[in-house]
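See below for the structure under consideration.
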Amino acid sequence: MKKTPLILALLCAWLCGCTPKTVISPTYDFGQVQRIGVMSFANPQPGAQGIENLFAKYLIESGFKVVERAQLEDILQEHNIAVSGHLLPQTTREIGRILGVDVLLVGEISSYTPERTELTLTATRRSEARPVYAQQIMRRPDGSYAGHLQKVGTEVSRSTEVHPTEYTINGRIALIAKMVDVETAEIVWIGSADDTSSSSLKAADTIARKLVKSFGKELAKQQKTK
């Protein structure tokens with residue numbers, strides 16, 4: 001496999017926010033990539049666990065062979081390989097040798113705001129108008145008296161009813177995903193996105209789908225130019 005590092009200028013531009021949300025190495029030979037190992041994402045959050053499986057799902061749908069996270073972690077533990085912080089070349093090479101993978105997908109949750117439910121009090125004001133009657137006494141021509149009711153006005157009553165209203169505020173999650181060559185530990189693709197949804201996993205699923213789709217488009221575009 002051709003091992004060419006990602007141009008540093010691209011990565012610097014990425015960090016400055018001056019490029020699209022995904023950047024692919026223009027010189028890396030992705031044509032030799034057969035198997036991808038998906039690592040656990042850093043900064044796991046309650047309610048947003050299992051993001052790695054979402055990326056694995058969409059990578060498989062895109063035609064890649066993927067080593068699932070559980071199998072990868074079991075093998076790493078079996079061979080006493082610790083993965084923390086930045087991946088070192090000797091670590092990635094050992095993982096590649098044992099698992100037979102060409103690149104590793106690593107990532108992290110860069111921002112997380114969980115969905116929440118809030119309660120507010122809503123006041124409903126009501127008004128009711130009722131006619132007011134008074135008895136009027138009239139003297140008849142024969143000298144007798146008769147009474148009848150006559151409307152003399154309107155009485156308005158007002159009331160306020162207060163009742164609780166529950167509503168959901170969507171959560172937000174932001175992810176950074178990177179593909180790392182196992183021989184050199186160089187980043188050959190990086191992507192970032194965020195999304196909001198009523199569920200953190202729904203938002204993460206949307207991000208994973210969009211990033212893998214973007215990677216596929218960039219890869220196809222790169223292969224056409226070769």
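Only the coordinates and a few stated rules stand behind these numbers; no lab work does. Nothing here was measured: the structure is a model prediction, and the numbers come from that model. All Cβ positions, even for glycine, are placed from backbone atoms using ideal geometry, and neighbour counts span all protein chains on display.
When the chain is treated as a Gaussian network with alpha carbon springs shorter than 10 Å, the biggest mean-square fluctuation among 158, 130, 140 belongs to 140. When the chain is treated as a GNM with alpha-carbon contacts under 10 Å, the residue of 197, 157, 144 showing the greatest mean-square fluctuation is 144. Neighbours of residue 194, meaning other residues whose beta-carbon lies under 11 angstrom from its beta-carbon, give a summed charge of +2 when Lys and Arg score +1 and Asp and Glu score -1. Between the helical axis of 69-78 and the longest alpha-carbon principal axis of the chain there is an angle of about 50 degrees.
Highest average first, the peptides 178-191, 99-112, 39-52 ordered by how many other beta carbon atoms sit within 10 Å of their residues are 178-191, 99-112, 39-52. Once the Cβ-Cβ distance of residue 97 and residue 202 is raised to the sixth power relative to R0 = 41 Å, the FRET efficiency obtained is 0.65.
The H on the amide N of residue 42, modeled in the peptide plane, is under 5 Å from the matching H of 107, 108, 109, each at least 5 residues off or on a different chain.
Model label sites at residue 32 and residue 108, defined 7 Å from Cα along the beta-carbon direction, differ in position by 2.9 nm. Across region 178-191, rounded Karplus estimates of 3J(HN,Hα) from the backbone phi angles (6.51 cos²θ - 1.76 cosθ + 1.60, θ = phi - 60°) give 9, 9, 10, 5, 6, 7, 10, 6, 7, 6, 10, 7, 9, x Hz, Gly and Pro being marked x. List residues of region 118-142, by number, whose backbone nitrogen lies under 14 Å from a label position 7 Å along Cα→C-beta of residue 163. Hits in region 118-142 for residue 163 at 14 Å: 120-126.
Here the calculated FRET efficiency for residue 170 and residue 70, from their Cβ-Cβ distance with R0 = 30 Å, stands at 0.50, rounded to the nearest 0.05. For Cα Rg over 2.2 N^0.38 Å, pick the label among (i) 0.99; (ii) 0.94; (iii) 1.97 that corresponds to the value derived from the coordinates. The value computed from this structure is option (iii).
Rounded to the nearest whole Hz, the Karplus-based 3J(HN,Hα) values (6.51 cos²θ - 1.76 cosθ + 1.60, θ = phi - 60°) of region 104-113 follow the sequence 10, 9, 10, x, 8, 8, 7, 7, 8, 10, with x at glycine and proline. Here the 3J(HN,Hα) profile of region 152-162, calculated from phi with Karplus coefficients 6.51, -1.76 and 1.60 at θ = phi - 60°, is 10, x, 10, 9, 10, 10, 10, 9, 10, 10, 10 Hz, Gly and Pro shown as x.
Here residue 57 is the anchor, and the aspartates and glutamates within straight C-alpha reach of less than 13 Å, apart from those fewer than 8 places off in the same chain, are 68, 205.
Taking amide hydrogens as placed 1.01 Å from N in the peptide plane, the amide H of residue 193 sits under 5 Å from those of 175, each at least 5 positions away in sequence or on another chain.
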